[in-house]
Structures are given as C-alpha cells and as structure tokens.
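The values are calculated or read from the model by the stated rules, or taken from the named source; none is laboratory data. Computed from a predicted structure; not experimentally measured. All Cβ positions, even for glycine, are placed from backbone atoms using ideal geometry, and neighbour counts span all protein chains on display.
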Amino acid sequence: MRELAPGMSVSCSSEVVPEIREYERTSTTTANVYVAPLMARYLEDLERRLVELDIPGQLYVMQSSGGIALPQLARPPADPARRIRAGGRRARRGAVSRARSGSS
C-alpha cells in the first residue's frame, strides 16, 4: 500500500492493537492513521524549535506503557496511538519519579 500511495498514512491493525476485538482494533487503527501525520509534523517542529532555542538535553516521548521513546522511534510508521493514550497522569507520575531520584 505504501508503494501505491507513498503520501498516504497506512497502519496495520494487528500491529497497532494485537488482540482479537474487532471494534477496539478498528477504532484504534483509525485513530492511528489519522494522528500519524500530525504526530510526525509535531515532533519534527518541536525538535527543530528546541534546537533553534538552544535548549540542551534529549527530548523523549511518553508511551502508554509508562515508558519513554526517542522521537525518531515515535514517528510513523511507529504507532502514534501509543503516545495518545499516554495521558497527563503518566507524565506527572514520571516527573515525580524523576524528581525523587535526583536525576535531571
């Protein structure tokens, strides 16, 4: 599909949601396809602005598992739905954990 329509956002439902629930797979894969180009543009713009503003450090992207990923691993064809489900609660929990450990 990517060869036939190189500019089109494509997601494989079994990769996005590897479970046998049709509704969940369909709705999450649909969201994934919609968000993928927006997420790619957002991360590119954010990285560019951080460099322009001379802000040091490494940018990480929160995942729904509570882990983090480098931006290049979070861009399509990766699954942006994993980032969408990583809401503010996990971000706060990560920040508190980081502060308690004394890491910067």
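A few notes on this one:
- In the stretch 51-62, the residues that are surrounded by 13 or more Cβ atoms within 10 Å (Cβ to Cβ) and either among the β-branched types (Val, Ile, Thr) or farther than 17 Å from Ala74 by Cβ (or both): Val61
- Filtered by the rule that a residue be at pLDDT below 75 and over 22 Å from the mean Cα position of the chain (by Cα), the stretch 2-25 gives no residues.
- Scanning the stretch 22-50 for residues that are loosely packed, with under 11 Cβ neighbours inside 10 Å and farther than 22 Å from Cys12 by Cβ yields Asp45, Arg48, Arg49.
- Cross-chain or 6+ apart pairs with Cβ under 8 Å, the stretch 1-29 first and closer than 24 Å to Gln63 by Cβ, then in a loop (DSSP other than H, G, I, E, B) and among the charged types (D, E, K, R): Val10/Arg2; Ser11/Asp79; Glu15/Asp79; Val16/Asp79; Arg25/Glu19
- Any chance Ile55 is aliphatic (A, V, I, L, M), modelled with pLDDT of 90 or more and farther than 18 Å from Thr28 by Cβ: yes
- Breaking point among (1) over 19 Å from Ser11 (Cβ atoms); (2) modelled with pLDDT of 85 or more, for Arg89: (2)
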